[in-house]
Amino acid sequence: MNGDSFCNGEKLLLEKVIKSNAEWKKILTPKQYHVAREKGTERAFSGEYHDHKGQGIYQCAACGNELFSSKTKFDSGTGWPSFWASVSEDKVREEKDNSFFMKRTEVLCNRCDAHLGHLFEDGPAPTHLRYCINSVILKFVEKKEQK
């Protein structure tokens with residue numbers, strides 16, 4: 001995934017957000033910084049969104065990139081918000097993660113490179129994927145009902 005989007009058949013580039021560690025420390029909480037920039041993980045069942053039922057969009061708390069829809073959120077029982085798909089393929093990026101002697105797939109925000117969590121292949125249909133995401137690096141924006 002290269003960060004490209006399409007609008008009316010025209011290719012649009014996703015504008016990258018690049019900041020120094022000092023700049024990230026000024027705008028992120030210590031917990032957000034630990035997860036986003038140091039590839040940390042919040043404790044299971046401790047995050048704001050693991051059992052959240054609202055309707056809307058989950059954005060990257062670091063840059064505002066729209067990442068996941070509540071329509072693809074499901075209860076995985078793991079203690080972290082889980083989604084079976086991202087909003088679109090250009091919103092998140094995947095990288096191999098062999099840390100802690102495990103083979104996993106890391107999920108990153110494609111706009112600011114924030115660590116979001118990990119991707120597993122044990123989710124529900126139709127994708128059978130489970131994006132296991134840290135609540136602390138998400139910001140929920142409620143969907144307003146149209147009348």
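What strands (runs of 3 or more DSSP E) lie completely within the stretch 9-90 and have 2 or more residues being surrounded by 20 or more Cβ atoms within 10 Å (Cβ to Cβ)?
Of the strands (runs of 3 or more DSSP E) lying wholly inside the stretch 9-90, those with at least 2 residues that are surrounded by 20 or more Cβ atoms within 10 Å (Cβ to Cβ) span 56-60, 66-69.
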Original post:
So residue 95 fits all but one of (1) free of Cβ contacts under 8 Å to residues at least 12 places away in the same chain; (2) part of a strand (DSSP E or B); (3) of a type in the set (D, E, K, R); what number is the exception?
Top reply: (1)
Original post:
(1) under 21 Å from residue 30 (Cα atoms); (2) out of contact with any helix residue (DSSP H, G or I) (no Cβ under 9 Å at 6 or more places or on another chain); (3) polar (S, T, N, Q): which one isn't true of residue 134, the others all being true?
Top reply: (2)
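When the stretch 100-147 is examined, which residues are found to be outside any strand (DSSP E or B), small (Gly, Ala, Ser) and either over 23 Å from residue 54 (Cα atoms) or under 11 Å from the mean Cα position of the chain (by Cα) (or both)? Lay out the reasoning, then the answer.
Let us first name the residues in the stretch 100-147 that are outside any strand (DSSP E or B), namely 100-103, 110-114, 121-129, 134-137, 143-147.
When the remaining residues are screened for being small (Gly, Ala, Ser), the result is 114, 123, 125, 135.
Within the stretch 100-147, 114, 135 meet the criteria.
Taken together, the values in this text are just the output of simple stated rules run on the coordinates, not laboratory data. Only a predicted model underlies this, so the values are computations on that prediction, with no experimental measurement involved. In this analysis, Cβ positions are derived from the backbone assuming ideal geometry, glycine residues included, and neighbour counts consider all displayed protein chains.
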